[in-house]
2 protein chains.
Amino acid sequence: MSAEYEVSKQNKVRQIREKAVYDKQTVHAVLDAGLIAHVGFIQDEQPLVVPMLYGRDGETIYLHGARKARIIRMLEQTDRASLNVTLVDALVIARSAFHSSMNYRSVTVFGSPTLVDDREAKLHALEIISEHMMPGRWAELREPLEKEIKMTGVIALTIDAASAKISKKPHPEDEEEDYATPVWAGILPLETAFTELVDADRLVEGVEPSAAVRALEGKRL
Amino acid sequence: MSAEYEVSKQNKVRQIREKAVYDKQTVHAVLDAGLIAHVGFIQDEQPLVVPMLYGRDGETIYLHGARKARIIRMLEQTDRASLNVTLVDALVIARSAFHSSMNYRSVTVFGSPTLVDDREAKLHALEIISEHMMPGRWAELREPLEKEIKMTGVIALTIDAASAKISKKPHPEDEEEDYATPVWAGILPLETAFTELVDADRLVEGVEPSAAVRALEGKRL
């Protein structure tokens, strides 16, 4: 297996190319860190962007929604889809507006979507998506009911091409003449993290959060 | 001015309709809270999703990139674009995988993109985008240089239609029979916040962060 995605017209990063990476490890790491993917599709010649839960299993990304959801029907019918997962890590506050920007991790994936209809394959995909969101939780829960499996639409997107763009500037890069100006510049990290568990109503008396759920507290994306 | 976006085939929310809102105040609030927009466009019949900085001025969303960037050229040439801004607020941890989900604020906007070429209009748009990211910063910085203005491509997207989907469940909603099971359930908030300013290198001696920049510390999205 190649360690890199082949660079083609499709996934070639055109802007700020020095930030572009095509190695699978980096692409996978960003996909695994994100919580939602923004999936693009075309409806009536109009581009649409829909945020979706997802999970990755090797070179396959699973997406799910209601079986009757438009996005599932559209993805079932098309052989072209793409998605982007982006995490913003910091503001890069420069001495000018032009050089101010953000640090981020961003991945774009191109693939052919297919509907997952086989019961076992669907269960596997649902486990992958659940484990992406809450590692270890799947084993703690009851099996999905048949009606739940039927009501859920699952799409498998095999990664045909992908690229990552990672910006992690330790300092803003300013115009040479601006360094002499008495304007503060620096980095302001943006932290995305789970806080503390809040009990639901109607809990069975004495039930405490499981290890899997506890492990999420304080976790940073 | 109407307080709501008209509901049409384009922006009608089809899934989980009880969460759909079309009032401008809610749509604007989500757009103003987000940091990046995922912009959808079509290239060679392929849907593409690109994360972009943005800012809102009334019913206009400004986007920017390098003047020569593909996304700017594509948006200049098309009369159809859409974008999505989503903020994830919590995991909703139910007693089953099926009912586990997320709380979020999500907005989809449809509009006709136009290139902003006039110098003054471009400066106004750049100020809107900068102020969206760092309120109060624009006035503290030098004017953009002519070369910077020329190198920047700005797109104005007038909001033709929009919808918001807000999920803020205080509790997971489980199958009636699952409430009797000794499985913990609840909410795990996800907090996205700026932390503390980090000095850049090469700062003029004695320069401290300005009020505008200080105000961002600890700010939650």
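Read-outs throughout are calculated quantities, based only on the coordinates presented, and are distinct from any laboratory measurement. If you're wondering where the values come from, they're calculated on a predicted model, not measured in any experiment. For neighbour counting, all protein chains shown are included, and Cβ atoms are generated from backbone atoms with ideal geometry for every residue, glycine included.
Pick out which of B:HIS132, B:HIS99, B:HIS124 has the largest mean-square fluctuation in a Gaussian network model of chain B, springs linking Cα atoms closer than 10 Å.
Among B:HIS132, B:HIS99, B:HIS124, the largest mean-square fluctuation in the Gaussian network model of chain B belongs to B:HIS99.
Which whole-Hz couplings ³J(HN,Hα) result when phi for each residue of segment A:40-47 is put into the Karplus expression 6.51 cos²θ - 1.76 cosθ + 1.60, θ = phi - 60°, listed in order with x for Gly and Pro?
Each residue of segment A:40-47 in turn: x, 8, 10, 10, 6, 6, 9, x Hz.
Along the Cα→Cβ direction, 7 angstrom out, place labels at B:GLN77 and B:ASP201. What is the inter-label distance in nm?
With each label point 7 Å from Cα toward Cβ, the separation is 4.1 nm.
Report the antiparallel proportion of the DSSP beta bridges in chain A as a percent, rounded to a multiple of 5.
100
Could you state the angle between the C-alpha long axis of helix A:119-133 and the longest principal axis of the C-alpha atoms of chain A, as a value from 0 to 90 degrees rounded to the nearest 10?
Approximately 40 degrees, to the nearest ten.
Give the distance, in whole Å, between the Cα centre of segment A:24-68 and the Cα centre of segment B:57-104.
Computed from Cα coordinates, the inter-centre distance equals 13 Å.
Please give the average number of partner chain Cβ atoms lying within 10 Å of the Cβ of each residue in A:94-106, rounded to a whole number.
Per residue, the number of nearby Cβ atoms from other chains is 5 on average.
Top mean-square fluctuation among A:VAL39, A:VAL154, A:VAL92, Gaussian network model of chain A, C-alpha springs under 10 Å?
Of the options given, A:VAL92 has the highest mean-square fluctuation.
Which entries in the list A:LYS169/B:LYS150; A:LYS169/B:LYS168; B:LYS12/B:LYS150; A:LYS19/B:LYS9; B:LYS9/B:LYS219 go over 28 Å, if you measure between the two C-alpha atoms of each?
Checking Cα-Cα distances, A:LYS169/B:LYS168; B:LYS12/B:LYS150; A:LYS19/B:LYS9; B:LYS9/B:LYS219 exceed 28 Å.
Once you average over the residues of A:172-182, how many Cβ atoms of partner chains fall within 10 Å of each Cβ?
Working: counts 3, 1, 2, 4, 0, 2, 4, 5, 2, 4, 6.
Mean partner-chain Cβ count within 10 Å for A:172-182: 3.
Treating only the Cβ atoms of Lys and Arg (+1) and Asp and Glu (-1) as charged, compute the dipole magnitude of the protein assembly as shown about its Cα centre; round to the nearest 20 debye. Don't skip to the end; give the middle numbers.
Values: 54 positive and 70 negative charges, 183 e Å.
I would put it at about 880 debye.
Is segment A:40-138 rounded, prolate or oblate when judged by the Cα gyration tensor, a ≥ b ≥ c being the square roots of its eigenvalues, rounded requiring a/c under 1.5 and prolate requiring a/b larger than b/c?
On the way: a/c = 2.96, a/b = 1.58, b/c = 1.88.
Because a/c hits 1.5 or more and a/b fails to exceed b/c, segment A:40-138 counts as oblate.
Explain nothing, just the number: relative contact order of segment B:17-192, from Cα pairs under 8 Å at least 6 residues apart, as a whole percent.
On the way: 350 pairs, mean separation 53.9, N = 176.
It rounds to 31 percent for segment B:17-192.
Grab the beta carbon distance between A:GLU175 and B:ARG67, set R0 = 22 Å, and tell me the FRET efficiency rounded to 0.05.
According to the calculation, E is roughly 0.80.
For chain B, what is the calculated [θ] at 222 nm in deg cm²/dmol (nearest 500), taking -39500 (n - 2.57) for each run of four or more DSSP H residues and dividing by its residue count?
-5500 deg cm²/dmol
Taking R0 as 25 Å, what's the FRET efficiency between B:ASP57 and B:ALA20 from their Cβ-Cβ distance, rounded to 0.05? Each step should come with its number before you reach the end.
On the way: r = 25 Å, r/R0 = 1.00.
After rounding, the FRET efficiency stands at 0.50.
Calculate the dipole size of segment A:95-150 relative to its Cα centre from +1 charges on Lys and Arg beta carbons and -1 charges on Asp and Glu beta carbons; express the result in debye to the nearest 20.
440
Using a/c under 1.5 as the rounded threshold, could you call chain B rounded, prolate or oblate? The axes a ≥ b ≥ c are square roots of the C-alpha gyration tensor eigenvalues, and prolate needs a/b larger than b/c, oblate otherwise.
Cα axes put chain B in the oblate bin.
So between A:GLU191 and A:LYS219, what do we pick up on full extension, going 0.36 nm a residue minus the alpha carbon distance?
Value of the extension gain: 9.0 nm.
With a/c under 1.5 counting as rounded, go ahead and sort segment A:62-118 into rounded, prolate or oblate using the C-alpha gyration tensor (a ≥ b ≥ c being the square roots of the eigenvalues; past the cut-off, prolate if a/b is larger than b/c, else oblate).
prolate
Can you grab the distance from the C-alpha centre of segment B:188-209 to the C-alpha centre of segment A:134-168, Å, no decimals?
The two parts, judged by their Cα centres, are 35 Å apart.
GNM, chain B, Cα, under 10 Å: largest mean-square fluctuation among B:LYS147, B:LYS122, B:LYS168?
B:LYS147
Answer with one residue from A:ALA29, A:SER130, A:ILE93: the one whose Cα lies farthest towards the positive end of the charge dipole of segment A:17-193, charges on Cβ with Lys, Arg +1 and Asp, Glu -1.
About the Cα centre, the residue reaching furthest to the positive side is A:SER130.
Take the Cα coordinates of the protein assembly as shown, assign each an equal point scatterer, and use the Debye formula without solvent to give log10 I(q)/I(0) at q = 0.06, 0.08, 0.10, 0.14 Å⁻¹.
Rounded to two decimals, the profile gives -0.26, -0.46, -0.73, -1.41.
How large is the dipole of segment A:24-94 about the Cα centre if only Lys and Arg carry +1 and Asp and Glu carry -1, each at its Cβ, rounded to the nearest 20 debye?
About 220 debye.
Taking neighbour counts of Cβ atoms within 10 Å as a proxy for exposure, in what order, fewest first, do B:ARG142, A:ARG56, B:ARG95 appear?
Result, fewest neighbours first: B:ARG142, A:ARG56, B:ARG95.
What FRET efficiency, computed as 1/(1 + (r/R0)^6) with R0 = 35 Å and r the Cβ-Cβ distance, is obtained for A:LYS168 and A:GLN46, rounded to the nearest 0.05?
So the FRET efficiency works out to roughly 0.50.
What's the ranking of B:195-203, B:159-167 by average number of surrounding C-beta atoms within 10 Å, highest first? Could you put the intermediate results ahead of the total?
On the way: B:195-203: 15.1, B:159-167: 20.9.
So the order, starting with the most tightly packed, is B:159-167, B:195-203.
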